[in-house]
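Enquirer: Let me give you the structure first, and then I'll get to my questions.
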């Protein structure tokens, strides 16, 4: 453990973040508490309400603090008894209202009663300033359709927003059994690491009274209309109640509160019944329109989330009007109009979107919710189809705004993202990509080439495209097709990218293209640079992505056993076909160890490895290289040591196997898989970023143009026929020194590679065929390497 730097309990905290869903469920089944939920009723930066059903046991107490002590309740610095207890709808509802919390901070907690502890859960308070972006989910109408309801709940756990705004109609009839089911399903919003997301609840028409929302979600007002401000003065959200009188005290309160909070940058509202439903069988919301529509527009409410109709809609920004061009009392107004979104579909029976307006931006019918991002200048709204929830990945806690893998973001003809700005729609940045030369191109010698790019601006024009080689500008072009001429100065590797600028000054950088020129030698070195790139997989398949060290490989913690270690290195600059001269991974000692430790290292056998996702068994299930390297690790006797004893044996064979794959290109990723027995404990990225594992590879790139004179090598090759029309036969003559395979590469006379493959040479075999259907008529070079011997011949394709 890291007693020299990291307290043992912090290591436990890091480990606990990897707890599996199965463990979570097992703990729940044995607990005296259940049906957990978090609510917001005051400042989300400094307060939180923890709610649960006290199934059995007595004298419950919440133990909490900003450091993870797992289920060791006595180590938490703070504790609090329930502030409110109400036996209602078949549940013994307990609520603890935490105050005085630190903004933008994770808090860990357990509930302890006479029967024992709950699982350790955690939440994160909202930021207290408007400089940080917020992620919100908004929707409603989960009703009685459990499959989509559960799917939507699963996505809450995977998107990990700051809060969920729920617009009512949680159940169909409001019975105790339905609410027990609803609360059980709500547990799916809890992440596998115990992360919980607070709900901001509104009342719908299927909640027969305000009391249901008050007693199950501890909202701050008995009339179930209230407001919360998130992010300092970033956004104030209004939860309104369409199931009571809209005019009178509710609207007076709303008007006064909007006036009192005029300095808040953004305002949004949620309520159940829409003003102008997009389902023809639903009644118009006359009272909502009469009391709120003009107020929303006049006082800057820019987003309104409506429910009830069980369909999908987003509108263009609108203002109330019965004048020319209006439709049902609204007209489009792009400057400061209100965007209305909805209308339910968390799980209720779907209805047809058969009542569009002239100001409807898009509508459809599927189960969905809205994913909303808020910063000082822009609100972004995406509609998420929840049907494939089980296939969706989980956001990275370091960037919860990047959509996870397989997330189904609705993309109607009007676009997948609704942008709302404080004044006007944002400028869309241009797109650009380098079209020539192609990534991986090889040139036999320095020469003059043309570098080209495509660039498009969806909402304007391209002002210029600037081209860069190895980070230095080589020129600009203001007219399509965009290109510059460039003379390659010397042999070596060159990285090309382009930057497009549009008429509003927005810039976009292209992906890089790497080319190689002539024969040269170089070294690549890359260190683990992200928390999720050095991972440990336990014998039970659990993936730990944020450990403070890497056990190679045995770890007694949590019965992990002999782990499988995964190391991911992106953007490896070695071109396809390079000869690997030397390769190794350098570790640094985190803890000493002298007992026997025997490891095997392989690469994932893929053209371009993908990052680790955290899926169970994903490291051990990888398809690996045929070659492997064994390492009997010497004793590690000094913490911090980084030398020969911490360096792997030569990994040339396994790296060469990947680089020789037809689909490998420069800037692709390598993934290493380490198995074995025993233990050596190395630094991880999360322990010391500057001491994480480092991969170094020496390599040579060459283009053999000269024909090998016969008699100068132990073997020779003959091309038949030559000239040729169809496939190419290569015959090997002479001694192969027992080699079982050879590497064959075909180039044109400029150095462009067309074929590269490794061919197995079975006993007695001295020839093989190459498919040349991709070759046009012309002169070519074929190079055959057997062991460290290389032979080159030319041939002609007619």
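Only the coordinates and a few stated rules stand behind these numbers; no lab work does. Note that the structure is a prediction, hence the values are computed from the model and not measured. Backbone-built Cβ (ideal geometry, glycine too); neighbour counts: all protein chains shown.
Enquirer: Using the number of other C-beta atoms within 10 angstrom as an exposure proxy, rank 637, 625 with the fewest first.
Expert: By the 10 Å Cβ count, ascending: 637, 625.
Enquirer: Moving on to the next point. In nm, to one decimal, how far is the residue 644 label point from the residue 581 one, both placed 7 Å along Cα→Cβ?
Expert: 2.0
Enquirer: To the nearest µm²/s, what D does Stokes-Einstein give for the chain at 10 °C and 1.306 mPa s, using the Kirkwood radius over alpha carbon pairs as Rh?
Expert: Diffusion coefficient, whole number: 52 µm²/s.
Enquirer: Next up: Expressed in nm to one decimal, what extension gain is obtained for the pair residue 459 and residue 146 from 0.36 nm per residue of sequence separation less their Cα-Cα distance?
Expert: Full-extension gain reported as 108.5 nm.
Enquirer: What is the distance, in nm, between label points placed 7 Å from the Cα along the Cα-to-Cβ direction at residue 626 and at residue 211?
Expert: 7.6
Enquirer: Between the stretch 542-562 and the stretch 588-626, what's the alpha-carbon centroid distance in Å?
Expert: What the calculation gives is 12 Å, centre to centre.
Enquirer: Taking the 0 to 90 degree range and rounding to the nearest ten, how far is the long axis of helix 249-260 tilted relative to the main principal axis of the chain, both from C-alpha atoms?
Expert: 50
Enquirer: Expressed in nm to one decimal, what extension gain is obtained for the pair residue 635 and residue 336 from 0.36 nm per residue of sequence separation less their Cα-Cα distance?
Expert: 100.8 nm
Enquirer: By how many degrees, between 0 and 90 and to the nearest 10, does the Cα long axis of helix 176-186 differ from the longest principal axis of the chain?
Expert: The answer is roughly 30 degrees.
Enquirer: Okay, moving on. Over what distance in Å are the Cα centres of the stretch 452-518 and the stretch 257-335 separated?
Expert: So the separation of the two Cα centres works out to 45 Å.
Enquirer: Between residue 595 and residue 438, 0.36 nm times their residue separation minus their Cα-Cα distance comes to what?
Expert: Residue separation times 0.36 nm, minus the Cα-Cα distance, leaves 51.5 nm.
Enquirer: Can you tell me which of 409-415, 754-760, 51-57 comes out highest on packing, and rank the rest after it, using the mean Cβ neighbours within 10 Å?
Expert: Order by mean packing, descending: 51-57, 754-760, 409-415.
Enquirer: Separate question: Once the Cβ-Cβ distance between residue 480 and residue 262 is put in as r, and R0 is 56 Å, what FRET efficiency do you end up with, to the nearest 0.05?
Expert: So, using R0 = 56 Å, E works out to roughly 0.75.
Enquirer: What shape does the stretch 496-602 have by the C-alpha gyration tensor, where a ≥ b ≥ c are the square roots of the eigenvalues, rounded means a/c under 1.5, and otherwise prolate means a/b greater than b/c and oblate the rest?
Expert: The shape class here is oblate.
Enquirer: What FRET efficiency comes out for residue 411 versus residue 529 if R0 is 25 angstrom and r is the Cβ-Cβ distance? Round to the nearest 0.05.
Expert: Efficiency, rounded to the nearest 0.05: 0.20.
Enquirer: Going by Cα centres, the stretch 380-440 and the stretch 127-159 are how many Å apart?
Expert: Measuring centre to centre over Cα atoms gives 17 Å.
Enquirer: Sort the following peptides by mean Cβ neighbour count (other Cβ atoms within 10 Å, averaged over residues), highest first: 789-797, 613-621.
Expert: 789-797, 613-621
Enquirer: Let me ask another. Under 1.5 on a/c is rounded, so check that first for the stretch 134-421, then, if it is not, pick prolate when a/b is larger than b/c and oblate when it is not; a ≥ b ≥ c are the square roots of the alpha carbon gyration tensor eigenvalues.
Expert: In terms of gyration-tensor shape, rounded.
Enquirer: How far is it, in nm, from the label point at residue 610 to the one at residue 431 when both lie 7 Å from their Cα along the line to the Cβ?
Expert: Inter-label distance under the simple model: 2.1 nm.
Enquirer: How high is the FRET efficiency between residue 617 and residue 61 when r is their beta carbon distance and R₀ equals 45 Å, given to the nearest 0.05?
Expert: Using R0 = 45 Å, I get an efficiency of 0.75.
Enquirer: Report, to the nearest 10°, how far helix 21-30 tilts away from the longest principal axis of the Cα atoms in the chain, using its own Cα long axis and a range of 0 to 90°.
Expert: In the chain, helix 21-30 runs at an angle near 40 degrees to the longest axis.
Enquirer: Please rank 772, 713, 745, 99, fewest neighbouring Cβ atoms within 10 Å first, as an exposure proxy.
Expert: Listing 772, 713, 745, 99 from fewest to most nearby Cβ atoms yields 99, 713, 772, 745.
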